[in-house]
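Read-outs: derived from the displayed coordinates by stated rules, not from any lab. All of these numbers come straight from a predicted model, not from anything done at the bench. FYI the Cβ positions are ideal-geometry reconstructions off the backbone, even for glycines, and counts take in every protein chain you see.
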Amino acid sequence: NNAFDLWNQGMAEGVFHPQFHGREHVNIPLWLKLLQENHRIFRLAFDHGLWGLGPQIIKSERINIQASFDAIEKKEIQAQKKIIKDGLTLFNLIFGYNSKSFIANNFVWDNSLNIILFENRVDTFQGMKYQKIPLLNNAKRKMII
C-alpha cells in the first residue's frame, strides 16, 4: 500500500536515483493488434488483467510484447516519439527532476528516438553491450555495438 512512500524514502536516503525506462513496458501497437485479432493466449491474459507474457509462454511472436520501442512498421516509431516525450514529462511530474539517462525496454530502440531524448535533457544511455534495432520487417534483428 505504501510502495511510493518507500521509493521516496529510498531516494531520500540515497539508496537509488530513478532514471527513465519508458512510459509503459508494453508494445502498444503489438498488444492492440493481438487483442484485435483475438489471439487466444493474449485475450485470456487480458481477461485476467494481465498483459506481459514471457517467451516461455508465447514463443511465436516476432517481437516481445514487453519491448516498448520495437517496431514492425516505421510509422510506429513516430508514435514512440510522442510516448517518450509524454513519459519524460510524467517522470518529471512524479519525481520532481528530469531524467538524465534512458534505458530502453529490452534494449530495443531506433536511433531516431535519440533526438527526442536529447531534446528532453537525456544525455546518457544505459544498456548492455548491444543496442537492438527494431525489426522493421527485417528477417533478422540488427544490433549495434
- Message: Using only the alpha-carbon atoms, how far is helix 3-12 inclined from the longest principal axis of the chain? Give it as 0 to 90 degrees, nearest 10.
- Response: 50 degrees
- Query: Along the three principal axes, how long is the chain when you take its alpha carbons, biggest first, rounded to the nearest angstrom?
  - Reply: 45, 38, 26
- Message: Test of understanding: what is the full-extension gain from ILE28 to ARG62, defined as 0.36 nm times their sequence separation minus their Cα-Cα distance?
- Response: 10.8 nm
- Item | Inter-probe distance in nm under a simple model that places probes 7 Å from Cα toward Cβ, at ALA79 and LEU6 | 3.4 nm
- Starting from the Cα-Cα distance between PHE118 and ILE94, subtract it from 0.36 nm times their residue separation and give me the gain in nm to one decimal. 6.6 nm
- With springs only between Cα atoms under 10 Å apart, run a GNM on the chain and tell me which of LYS132, LYS100, LYS75 wobbles the most. LYS75
- So what are the ³J(HN,Hα) numbers for region 14-27, from phi and the Karplus equation (6.51, -1.76, 1.60; θ = phi - 60°), rounded to whole Hz, Gly and Pro as x? x, 6, 7, 9, x, 10, 6, 10, x, 6, 8, 10, 9, 7
- Surface/4 of the Cα convex hull for region 53-109, nm²: 4.8 nm²
- Query: Peptides 20-29, 112-121: what's the order by average Cβ count within 10 Å, highest mean first?
  - Reply: 20-29, 112-121
